[in-house]
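Peer 1: Take this structure first; my questions come after.
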Number of protein chains: 4
Amino acid sequence: MLTADEHTDLARALTQIAADHLDRPCPDSDAEDLHTWIEGVLTALVGDAGRRIHTARSRNDQVATLLVMYALSANERLQSRLAQLITALCSRAKSWSDLVMPLQTHQQFAAPGTVGYWALRFAASLARIRAHLAFLADHWRSACPLGSAAVAGSTLPVDRRIQSANLGFTAPSLSALASTSARDECLELLAVLAQIALYLQAFAADVIAFSQTPLAWTKYPPQFGTGSSMMPNKTNPDAMELLRGDACAILTAHAHALTLLKGLPSGYNRDLQGIKPLLRDTVEKTLNACELLTAFVAALDFSAEHLLASARLGNIDATARMEAQVAAGTPLREAHHAVAETLSTAPATPEALTAIVHAYRTIGSASPAETRRVADELLAQLARTE
Amino acid sequence: MLTADEHTDLARALTQIAADHLDRPCPDSDAEDLHTWIEGVLTALVGDAGRRIHTARSRNDQVATLLVMYALSANERLQSRLAQLITALCSRAKSWSDLVMPLQTHQQFAAPGTVGYWALRFAASLARIRAHLAFLADHWRSACPLGSAAVAGSTLPVDRRIQSANLGFTAPSLSALASTSARDECLELLAVLAQIALYLQAFAADVIAFSQTPLAWTKYPPQFGTGSSMMPNKTNPDAMELLRGDACAILTAHAHALTLLKGLPSGYNRDLQGIKPLLRDTVEKTLNACELLTAFVAALDFSAEHLLASARLGNIDATARMEAQVAAGTPLREAHHAVAETLSTAPATPEALTAIVHAYRTIGSASPAETRRVADELLAQLARTE
Amino acid sequence: MLTADEHTDLARALTQIAADHLDRPCPDSDAEDLHTWIEGVLTALVGDAGRRIHTARSRNDQVATLLVMYALSANERLQSRLAQLITALCSRAKSWSDLVMPLQTHQQFAAPGTVGYWALRFAASLARIRAHLAFLADHWRSACPLGSAAVAGSTLPVDRRIQSANLGFTAPSLSALASTSARDECLELLAVLAQIALYLQAFAADVIAFSQTPLAWTKYPPQFGTGSSMMPNKTNPDAMELLRGDACAILTAHAHALTLLKGLPSGYNRDLQGIKPLLRDTVEKTLNACELLTAFVAALDFSAEHLLASARLGNIDATARMEAQVAAGTPLREAHHAVAETLSTAPATPEALTAIVHAYRTIGSASPAETRRVADELLAQLARTE
Amino acid sequence: MLTADEHTDLARALTQIAADHLDRPCPDSDAEDLHTWIEGVLTALVGDAGRRIHTARSRNDQVATLLVMYALSANERLQSRLAQLITALCSRAKSWSDLVMPLQTHQQFAAPGTVGYWALRFAASLARIRAHLAFLADHWRSACPLGSAAVAGSTLPVDRRIQSANLGFTAPSLSALASTSARDECLELLAVLAQIALYLQAFAADVIAFSQTPLAWTKYPPQFGTGSSMMPNKTNPDAMELLRGDACAILTAHAHALTLLKGLPSGYNRDLQGIKPLLRDTVEKTLNACELLTAFVAALDFSAEHLLASARLGNIDATARMEAQVAAGTPLREAHHAVAETLSTAPATPEALTAIVHAYRTIGSASPAETRRVADELLAQLARTE
């Protein structure tokens, strides 16, 4: 469709446009959009070759392609940012792996564990999400929209396999109508971002609860908090509260996109343009929140003394005492009743609590050695996939 | 933990309980829940062995495990139901591949295509979603929660790799706290169900629009419609409207689950129980909707005459005429202006429209041959993955 | 349109149908729906008069009318159920008005208050929502849809003012198209239900947090909790966790309805049928949740000893000490700094804490007298509006 | 708490700060927030009086108060902007009241109406929403948060009734804890904005459908559309598509706020700060969308010729023919069957269609006279409430 000279001219002119405008303010123009503006400038620079640039193309397939490419780039940045956060969590999990903490179920003290085991929860779940992102990148690369044109493809002899390969995809899409109508990669990315945001706000909610006056487990980093204008006695965990609140924009973006897409007829509809800023804002918010949390994790510390004071409460040694009877041959339910009837004893000693966490024997348990083993396994996984 | 005799007794007693109660009404009982009830019945049948059944277990890891197993089973049923729907769509796409239809962008007639090409859009997109489901099944199988116990694992020497393998998983989960706190597989399944529902309602919305009085493209199957109580002239596309409306319960279930999970502290919380009926209802609704649509696709027909009457409107041959000039050497933008100025000609002839759809040359285009080729490729994919 | 005899016949036949079928299982029938079935039975009973029953009517305006009537009835039941809950809260607020409790901001102990003041928060906010419901009932009654017919009204001389008055409305609607297309009263009711659910889950979240091991402020009513299958030391606040989780179905129903309505064309669409079960389920869930919470509030108790132990922590007397300096003439900010520098003193005495709550002087403050005054004001409001 | 001189000084200093900074960029400062910054500047200007400015106050009650005041101001702007849109719709409804158009149910041609009757649907529904806004303004004004202080009120003798009256409220709030914990006015405003957005997108969806090639009912205003980069034959209804898409941000903001509020404990939490930008953005988007639609309504026109061509299709005179038989004594169902069997007659004549719309007799029907009467009634309502 282009002579060799036209091709050279266009490449040179596009390089010049990039040099003149990249990272600069948007030029004033009457053009309907950026695609039209670029064609106009190209035509001014190289004549007819510019007028040929849109051959076998529509803005419909161009924006669909750019959106997948943006999703791929965001996916890569997310994987990298998650790797940093997981690394920070694993590193802290190891250093906190002997710091005894009461674990909770139903928001009630339940059994002894460690701060490291708690931190590792988030590393393990985020690593799982990162593996999903890696699959999605391959999934998205398998269907390049470019060449779908407006809605039906083109009568011109364009080989979409070449376009697709040049842009880093593994194949062109199978239906030009599907490619220009759908935004599945956006939905898939937004769903993953919601899962990440759920973990970010869960971490924040835990830290806020751990910082509550009578627990005082954390040494909350002052650079992430503020004082009170009225109450001289207060310092507040503001950064974690803001993170928990801001996560909700990420949590609801998926529903926003679904609402937008609901009811649209087949073929490109201009409504779809609304997905672009939604996706970009949600990606950036998630990246920023991951970065904030990575810095916060590095700065967070705990009070062994307050943790221990709490851990002695609530008879949280009961399960281990019951399991000791089970190991000695008593049926579980009988041991359960026996221990339940002898709860009103003295608080557990620090030594007993430490002994329990070291006695956990199952894979993925709260034992310090297991926490360190799993943290190393997660770090090794990251090393393999980076 | 169990003698060989106890093991045999328990296996026999569990078989008997299944024989007595499966698919029967729930027995009257004061037991707190089904797990407790089963333990009680086992103990009545086999004594101490029953009292040992809950060794190194909690309802927390049991419900987490059962939920993943439910998700895996739902995933399989969905893949199978989607395969039926995709097969129906591909089969119809092939038989409709020569039936000329005006394609739309911005809900405006845009270019000639075929009914088969339109139907294939849904097959291609659903096949893509099905591949995602296949990945998710592997993803879910890689982390069996059983053995996580209440929150911290157990001090008893239970090998979670054996449990995991026996239940069809590839590995035990890495963090007992993560496994009992999270419901990621539910979120991931609900997100995919939302994408499926989006396509189901989009198909319905298209068919409703295609059935509108002045288009009258469809021969709407009367068994999927109703009359009007007041207007003698009406038959209404009720099944498609109900499908479009009911899809919204599926579309919003993901947000429901996210809202429920937001703000929960680490460790099992009883709120999580609300995910179970939500997931089950949403899965069943999606399976039913797929089944309905599969039957509908088989019954749907089109009026070639009405399609052609529409296709002659709106100058939808313009792009092909422009591309013919481009093929002859005119720059695209010049050809675009030239054609735009000569639109007020006579309606396109049927022959011209047919010639255009046969002239599409790109991969994934609206050409009848390409529709048949892609349909066969999708059917071959299904054959490989079933 | 009807003779006097026909009118009498129809009234008698309708009474008989009601007597035969009300609260019985749905009769077997080939009729398309209930409206059609009733017309058939009437015709069998009274001949031509039955065939006239649908005159100047459509199912479109009938279902729209019945939905508003359902919303009005639900509104009334909600106001009544909220009155019971508010009464229970006010009654407990008065009896708990001297029970000192540390109030929190940012989930940190902040200032002394009382349990009564805390409970009153919910009474005050729910009373505000109840006033909104009262307005909405009037709002809904001002536009009776009946007589809108299918979409355009009727050419028959039906006086919609008579229909409207007979059904308890104050006026017929102004646009038959608006009445048959819209479901605003459903959206308005769902939005109010979401606000109620937000308070229900907030009460639950507070009680769960107050029941946490180291606080142990509540004497959690055992009939609303369960034990642990693995941990002999645990009793869990299950009813409150289930309430918090189930509230999420109510919180998301509004978004479900909006999604369903999005993109629908003017005029009745069968999709609208999906609003009916959604509204009914959400209303029933909210009524049940209110009833559960009313019973729970009556059964809940607190430990004065544990409350006091907590209240002595966190220097929560600081603001009152600062305000004492302000009352003596020191500028606020200066007093704030002065108190902030002298925080590491001994825990506040019980007497000092009691003195502070009695020293609050502003309207709506945490003073015991003010709590009792506001509770009585809310109870008097209820008495006036019931 | 302040001497007369201090009061004068503060008033003068605040005036000066306003003069120096209003509508200017935010000054550089280390202050934690604007409240703290103002106090610092005041102290620099007037000494101790500045240090007293925060007496009996907290940022918690200040931001709660400012948010209600913002909601009240937004409410007023919305009522005014809705009045403009309703006026535009009523004005066009009157001028279009004789322009015959086929009304639809189930997206199928159903009965004759007019373009004016269609436009009036939106005016009537928006007027209803505007009445709700007027109630909400009174509702919000009945509970001024100021004086709630941080969480418990104050021990200083501040009369909240004076504060409340000075700020335009009718009473102080009844619970300082409720006032600083809740954001009900935001939820109520967001719910109304969602209802408005639903109508805006419904209008857009109708116009897009009316502009579809074979209907071509609209003369779509070219300044609100664009051409196609690939298809020379296309002009697209972009502004209406963008409006329909952008409305989805408004539709989902309510769910965003609910998600943020879910799970928060009693008392101020910093998460609440996230409501402010969400509310402001959603209000501004709604105001802009109303303004756009008001301009669009003024520019929109219709093709009587194309409307009539459509109206002759689909036997939409059937209901009127049936009702003529009913008026002559035939039972409705008998007439319904009779007309249903004689549908395959010639297309309705223009005269017959015009006769039908003039024959509608019910309140709120599609008759031209009734459209004009209702439009005038809505305009008179606006005149009374502005």
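Peer 1: Of all the helices (runs of 4 or more DSSP H) wholly in segment B:1-109, which have at least 2 residues that are closer than 30 Å to B:D138 by Cβ?
Peer 2: Answer list for segment B:1-109: B:4-21, B:34-46, B:59-95.
Peer 1: Which condition from (1) open to solvent by less than 30 Å² (accessible area, probe 1.4 Å); (2) of a type outside the set (V, I, T); (3) more than 30 Å from D:Q381 (Cβ to Cβ); (4) in the same structural domain as D:Q273 (by TED's automatic domain parsing) is the one that D:G50 breaks?
Peer 2: Result: D:G50 passes all but (4).
Peer 1: What number of residues within segment A:53-62 satisfy the criterion of being among the aliphatic types (A, V, I, L, M) and open to solvent by 40 Å² or more (accessible area, probe 1.4 Å)?
Peer 2: 1
Peer 1: For D:L292, only one of the following conditions fails: (1) in contact (Cβ under 8 Å) with a residue 60 or more places away in the chain; (2) crowded, with 17+ Cβ neighbours inside 10 Å; (3) in the same structural domain as D:E241 (by TED's automatic domain parsing). What is its number?
Peer 2: (1)
Peer 1: Which condition does A:F203 not pass, out of (1) open to solvent by 10 Å² or more (accessible area, probe 1.4 Å); (2) of a type outside the set (D, E, K, R); (3) in the same structural domain as A:T286 (by TED's automatic domain parsing), if it passes all the others?
Peer 2: Among (1) open to solvent by 10 Å² or more (accessible area, probe 1.4 Å); (2) of a type outside the set (D, E, K, R); (3) in the same structural domain as A:T286 (by TED's automatic domain parsing), A:F203 violates only (1).
Peer 1: Of the residues that sit in segment C:132-145 and are in a helix (DSSP H, G or I) and either over 22 Å from D:R183 (Cα atoms) or more than 7 Å from every other protein chain (Cβ to nearest Cβ) (or both), which one is most open to solvent (accessible area, probe 1.4 Å)?
Peer 2: C:D138
Peer 1: Taking segment C:173-209 as the search range and keeping residues that are more than 7 Å from chain D (Cβ to nearest Cβ) and of a type in the set (D, E), which one is nearest to D:K262 (Cα to Cα)?
Peer 2: Filtering first and then ranking leaves C:E188.
Peer 1: Related question: Before we move on, is B:A165 modelled with pLDDT of 95 or more and farther than 29 Å from A:F109 by Cα?
Peer 2: In short, yes.
Peer 1: Further question on the same structure: From B:A255, B:A304, grab the single residue that is open to solvent by 10 Å² or more (accessible area, probe 1.4 Å) and either more than 13 Å from every other protein chain (Cβ to nearest Cβ) or of a type in the set (D, E) (or both).
Peer 2: Unique residue meeting the criteria: B:A304.
Peer 1: Could you grab me the full set of residues in segment A:112-131 that are open to solvent by 10 Å² or more (accessible area, probe 1.4 Å) and either outside any helix (DSSP H, G or I) or at the interface with another protein chain (Cβ under 10 Å from one of its Cβ atoms) (or both)?
Peer 2: Correct list: A:R121, A:A124, A:A127, A:R128, A:A131.
Peer 1: Please state which of the following conditions A:L89 fails to meet, knowing it meets all the rest: (1) more than 10 Å from chain B (Cβ to nearest Cβ); (2) more than 22 Å from A:A380 (Cβ to Cβ); (3) open to solvent by less than 10 Å² (accessible area, probe 1.4 Å).
Peer 2: Of (1) more than 10 Å from chain B (Cβ to nearest Cβ); (2) more than 22 Å from A:A380 (Cβ to Cβ); (3) open to solvent by less than 10 Å² (accessible area, probe 1.4 Å), only one is false for A:L89: (2).
Peer 1: Given A:A83, A:A56, A:A74, A:A88, which one is under 19 Å from the mean Cα position of the chain (by Cα), under 30 Å from A:Q163 (Cα atoms) and aliphatic (A, V, I, L, M)?
Peer 2: After applying the criteria, what remains is A:A74.
Peer 1: Within segment A:141-158, is even one residue more than 26 Å from A:N60 (Cα to Cα), touching a strand residue (DSSP E or B) at 6+ places or on another chain (Cβ under 6 Å) and not β-branched (V, I, T)?
Peer 2: Looking through segment A:141-158, none of the residues is more than 26 Å from A:N60 (Cα to Cα), touching a strand residue (DSSP E or B) at 6+ places or on another chain (Cβ under 6 Å) and not β-branched (V, I, T).
Peer 1: Residues that are in a helix (DSSP H, G or I), surrounded by 24 or more Cβ atoms within 10 Å (Cβ to Cβ) and modelled with pLDDT of 95 or more: does segment D:221-238 have at least one?
Peer 2: no
Peer 1: How many residues does segment A:173-192 hold that are of a type outside the set (A, V, I, L, M) and either in contact with a strand residue (DSSP E or B) (Cβ under 7 Å, 6 or more places away or on another chain) or without any contact (Cβ under 8 Å) to a residue 40 or more places away in the chain (or both)?
Peer 2: 3
Peer 1: While we're on this one: Please tell me if B:L66 is surrounded by fewer than 22 Cβ atoms within 10 Å (Cβ to Cβ), modelled with pLDDT of 95 or more and more than 30 Å from B:E305 (Cα to Cα).
Peer 2: Spelling it out, B:L66 is indeed surrounded by fewer than 22 Cβ atoms within 10 Å (Cβ to Cβ), modelled with pLDDT of 95 or more and more than 30 Å from B:E305 (Cα to Cα).
Peer 1: With respect to C:D271, determine if the residue is assigned by TED's automatic domain parsing to the domain that holds C:C290, under 16 Å from C:F296 (Cα atoms) and either without any contact (Cβ under 8 Å) to a residue 12 or more places away in the chain or part of a helix (DSSP H, G or I) (or both).
Peer 2: Considered against the rule, which asks whether it is assigned by TED's automatic domain parsing to the domain that holds C:C290, under 16 Å from C:F296 (Cα atoms) and either without any contact (Cβ under 8 Å) to a residue 12 or more places away in the chain or part of a helix (DSSP H, G or I) (or both), C:D271 comes out as no.
Peer 1: Follow-up question, since we're still on this one. Suppose we keep only residues that are in a helix (DSSP H, G or I) and of a type in the set (D, E, K, R) within segment D:151-172. Which one would you say is nearest to the other protein chains (Cβ to nearest Cβ)?
Peer 2: Ranking the candidates gives D:R160 first.
Peer 1: Those residues that are open to solvent by less than 50 Å² (accessible area, probe 1.4 Å) and away from every other protein chain (no Cβ under 13 Å), I need them from segment B:19-40; list them, please.
Peer 2: Across segment B:19-40, the qualifying residue is only B:P27.
Peer 1: Can I ask one more? Would you check which residues across segment C:307-330 are within 12 Å of chain D (Cβ to nearest Cβ) and open to solvent by 70 Å² or more (accessible area, probe 1.4 Å) and list them?
Peer 2: Once the filter is applied, which keeps residues that are within 12 Å of chain D (Cβ to nearest Cβ) and open to solvent by 70 Å² or more (accessible area, probe 1.4 Å), segment C:307-330 yields C:R321, C:A327, C:A328.
Peer 1: Residue by residue through segment A:206-235, note down the ones that are within 18 Å of A:A299 (Cα to Cα) and aliphatic (A, V, I, L, M).
Peer 2: A:V207, A:I208, A:A209, A:A216 - these are the residues of segment A:206-235 that are within 18 Å of A:A299 (Cα to Cα) and aliphatic (A, V, I, L, M).
Peer 1: State the number of residues belonging to segment A:92-111 that are among the small types (G, A, S) and surrounded by fewer than 23 Cβ atoms within 10 Å (Cβ to Cβ).
Peer 2: 1
Peer 1: So, restricting to helices (runs of 4 or more DSSP H) that lie completely within segment B:331-386, which ones have at least 3 residues that are crowded, with 18+ Cβ neighbours inside 10 Å, modelled with pLDDT under 95 and not assigned by TED's automatic domain parsing to the domain that holds B:R128?
Peer 2: B:332-340
The values are calculated or read from the model by the stated rules, or taken from the named source; none is laboratory data. Just so you know, these numbers come straight off a predicted model, no measurement behind them. Using ideal geometry, Cβ is built from the backbone for each residue, glycine included, and neighbour counts are taken over all protein chains shown. Please note that ligands, DNA and RNA were not included when accessible areas were found on the heavy atoms of the full protein model with its side chains. Shrake-Rupley method; radii C 1.70, N 1.55, O 1.52, S 1.80 Å.
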